[in-house]
Amino acid sequence: MTYSSPPAESATRRYVLPLLLAYPLLAIAGAVTHRQIFPLAALLLLLTAVMLPRLQSGRVGPWLAWLGMLLALLLLSLYGFAGLLLEAVPVLINALLACWFGSTLGTSEPLVARFIVAIEGADRLSQPGVVRYARQVTWFWTVLLATQAVVLAVLLLCAEHSGLLARFGIVSPLPISDRWAAAWLHAGGYVSLGVAFLLEYGYRRWRLRHLSHPGLHDMLLQLALHWPQLVRGNRIAAP
């Protein structure tokens, strides 16, 4: 199995973080100013951040794919669909994350178990109750993210005046206030996931109170350091 070298992973993390931080700023600028250049730039940054590990490999294929997607974004912007595509990004992200979590449930290493290995080492899984809890929490995030994707898709389609159905002249079967739809699409969905993360963190410390737990800052730092291995599904440490 091929592993990225540590310097390559370090460089990837160094460039990806600014790209991901710039994405919401450009998205908000697009929502406020209604200028297509901002959602177009936000989408380009997000696409680049996702593809960066493959682009850094130096292979021609990823670069051709990136250029093809860039061309597609430019064509969409010419027809005024860049903003709509940006609004669909949260739906896609939640759906992909739900698939990522769910795809590991049929394996011996559900995704939350990988997180535990990355943060606390493989020996942690041998502690009483940890493996079972890891699978339960993986189920929790799978269901939550899938539900969030469905809710966001409904809002995107059915917003009373700005929804996709309304833009194509179709009467929405479930008219939803544009104000509430925009609030959840641009902020509420992210806030709800953050709240769910904090609640799960607190519940875990109570549920597994017979064990010591890393602080929230240390946990997030370890996840950021090891995300390439988590995406590939490689163990950080041998069990």
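The values are calculated or read from the model by the stated rules, or taken from the named source; none is laboratory data. Keep in mind that what you see is a predicted model, and the values were worked out from it rather than measured. Using ideal geometry, Cβ is built from the backbone for each residue, glycine included, and neighbour counts are taken over all protein chains shown. Calculation scope for accessible area: heavy atoms of the full protein, side chains included, ligands and nucleic acids excluded. Shrake-Rupley method; radii C 1.70, N 1.55, O 1.52, S 1.80 Å.
Being over 19 Å from the mean Cα position of the chain (by Cα), closer than 30 Å to Ala166 by Cβ and open to solvent by less than 30 Å² (accessible area, probe 1.4 Å), is that true of even one residue in region 60-69? No: region 60-69 contains no residue that is over 19 Å from the mean Cα position of the chain (by Cα), closer than 30 Å to Ala166 by Cβ and open to solvent by less than 30 Å² (accessible area, probe 1.4 Å).
So that you can scan it fast, the table gives a plain yes or no per residue for (1) of a type in the set (Gly, Ala, Ser); (2) at pLDDT below 80; (3) surrounded by fewer than 14 Cβ atoms within 10 Å (Cβ to Cβ); (4) in a helix (DSSP H, G or I):
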site: Gly80; (1), (2), (3), (4): yes, yes, yes, no
site: Leu86; (1), (2), (3), (4): no, yes, no, yes
site: Gly102; (1), (2), (3), (4): yes, no, no, yes
site: Glu109; (1), (2), (3), (4): no, no, no, no
site: Phe115; (1), (2), (3), (4): no, no, no, yes
site: Leu125; (1), (2), (3), (4): no, no, no, yes
site: Thr138; (1), (2), (3), (4): no, no, no, yes
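Within region 125-174, the set of residues being without any contact (Cβ under 8 Å) to a residue 24 or more places away in the chain, more than 19 Å from Leu105 (Cβ to Cβ) and in contact with a Leu (Cβ under 8 Å, 6 or more places away or on another chain) comprises Val154, Leu157, Cys158, Gly163, Leu165, Val171, Ser172.
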